[in-house]
Amino acid sequence: MPAQRQARALAVILGGTTLALIAGVPAGAALGSLWGWRSAMWAIAAISIGPLIAVVLTMPRRSSSAATVSAPLTGELTVLRHGSLRSALLLAVLVNAATFGTFTYLAAIATGPAAVPEPAVAALLALFGLGAFAGVTLAGRWAHSHWRRLLALCLPLTAGGWLLLAAGAGQAWVLWTLALLLGGLSFALGSTMIARIMASAHGAPTLSGAFSTVALNLGAVLGPIVAGVAFERLGAAGPPLVSAGLVLGALALSRR
């Protein structure tokens with residue numbers, strides 16, 4: 001695929017993730033509030049059966065082209081020596097850790113000091129997901145040719161948004177106001193960083209996607225762990241403060 005089309009293609013793929021945030025996460029929250037958290041897990045298992053069968057039936061058993069030659073694994077791993085790729089990977093970890101650090105606890109923040117009614121939490125999570133979809137769509141248009149401008153604009157705005165959320169975590173109107181904005185900014189940054197990883201790892205056609213997946217999943221694991229500790233010690237302001245700190249770290253790294 002031409003490099004200039006990678007960002008848009010990635011936006012299409014990530015659109016599925018954002019649609020899950022719009023529909024899946026709120027639906028899971030609603031099921032959990034009605035029938036307990038296990039009902040959401042059973043629903044996920046049931047929904048996954050169809051895609052699993054489709055993958056098994058449609059996955060080719062061998063390459064369609066006999067001329068396809070896989071690059072040696074050790075050769076592809078050498079791209080990790082490139083400073084641009086390591087920076088992109090670290091930025092992706094920081095940005096995704098910030099995003100999921102607070103999003104993981106958004107429902108708890110909303111139903112706690114902000115006193116958002118439990119039935120309305122699903123709508124709040126869906127609002128974040130709508131912002132995420134818009135952010136991914138925006139990044140798909142401009143992440144290839146204008147990625148520096150996107151980082152320069154979105155990183156400080158995202159850090160400021162998390163700080164505002166930390167300051168107003170006890171106010172429901174603050175959550176409603178910032179959910180759409182922070183969802184959009186966070187996912188615009190995340191999809192931009194995926195595009196940068198793919199572009200920087202052009203010498204690893206097989207592993208470039210794996211590099212971005214590892215970076216994003218690592219952030220999705222580490223962010224909630226740190227934010228959870230902050231939530232326990234600082235209350236509702238803890239997770240967004242962690243997110244702000246992570247994004248400020250990414251901003252400092254991006255300017256090196």
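The values are calculated or read from the model by the stated rules, or taken from the named source; none is laboratory data. Just so we're clear, the structure is a prediction, and the values are computed from it rather than from any experiment. Note: ideal-geometry Cβ built from the backbone for every residue, glycine included; neighbour counts use all protein chains shown.
On inspection, ALA166 does not qualify as at pLDDT below 85 and among the hydrophobic types (A, V, I, L, M, F, W, C). Looking across the range 135-163, the residues that are touching a Leu at 6+ places or on another chain (Cβ under 8 Å) and modelled with pLDDT of 85 or more come down to GLY135, LEU150, LEU151, CYS154, LEU155, PRO156, LEU157, THR158, ALA159, GLY161, TRP162, LEU163. From the list LEU130, LEU164, the lone residue that is farther than 28 Å from ALA40 by Cβ and out of contact with any strand residue (DSSP E or B) (no Cβ under 9 Å at 6 or more places or on another chain) is LEU164.
Residue-by-condition table, conditions (1) within 15 Å of the chain's Cα centre (by Cα); (2) closer than 12 Å to ALA97 by Cβ; (3) aliphatic (A, V, I, L, M); (4) modelled with pLDDT of 95 or more:
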{"position": "GLY190", "(1), (2), (3), (4)": "yes, yes, no, no"}
{"position": "HIS202", "(1), (2), (3), (4)": "no, no, no, no"}
{"position": "ASN217", "(1), (2), (3), (4)": "yes, yes, no, no"}
{"position": "LEU241", "(1), (2), (3), (4)": "no, no, yes, yes"}
{"position": "LEU248", "(1), (2), (3), (4)": "no, no, yes, yes"}
{"position": "LEU253", "(1), (2), (3), (4)": "no, no, yes, no"}
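Selection of the range 218-236 for residues being among the aliphatic types (A, V, I, L, M) and surrounded by fewer than 20 Cβ atoms within 10 Å (Cβ to Cβ) yields LEU218, ALA220, VAL221, LEU222, ILE225, VAL226, VAL229, LEU234. Among the residues of the range 182-217, how many are touching a helix residue (DSSP H, G or I) at 6+ places or on another chain (Cβ under 9 Å), surrounded by fewer than 20 Cβ atoms within 10 Å (Cβ to Cβ) and among the hydrophobic types (A, V, I, L, M, F, W, C)? Summing the residues that are touching a helix residue (DSSP H, G or I) at 6+ places or on another chain (Cβ under 9 Å), surrounded by fewer than 20 Cβ atoms within 10 Å (Cβ to Cβ) and among the hydrophobic types (A, V, I, L, M, F, W, C) in the range 182-217 gives 3.
When the range 109-121 is filtered for residues that are over 22 Å from GLY184 (Cβ atoms) and among the small types (Gly, Ala, Ser), the ones remaining, listed by number, are GLY112, ALA115. For the range 189-196, the condition holds for no residue, the condition being that it is over 30 Å from VAL121 (Cα atoms) and touching a Lys or Arg at 6+ places or on another chain (Cβ under 7 Å).
Restricting the search to the range 142-174, which residues are assigned to a helix (DSSP H, G or I), in contact with a Pro (Cβ under 6 Å, 6 or more places away or on another chain) and small (Gly, Ala, Ser)? Within the range 142-174, ALA166 is the sole residue that qualifies. Of all residues in the range 51-83, those being exposed (fewer than 10 other Cβ atoms within 10 Å of the Cβ), aliphatic (A, V, I, L, M) and either modelled with pLDDT under 55 or within 21 Å of PHE211 (Cβ to Cβ) (or both) number 3.
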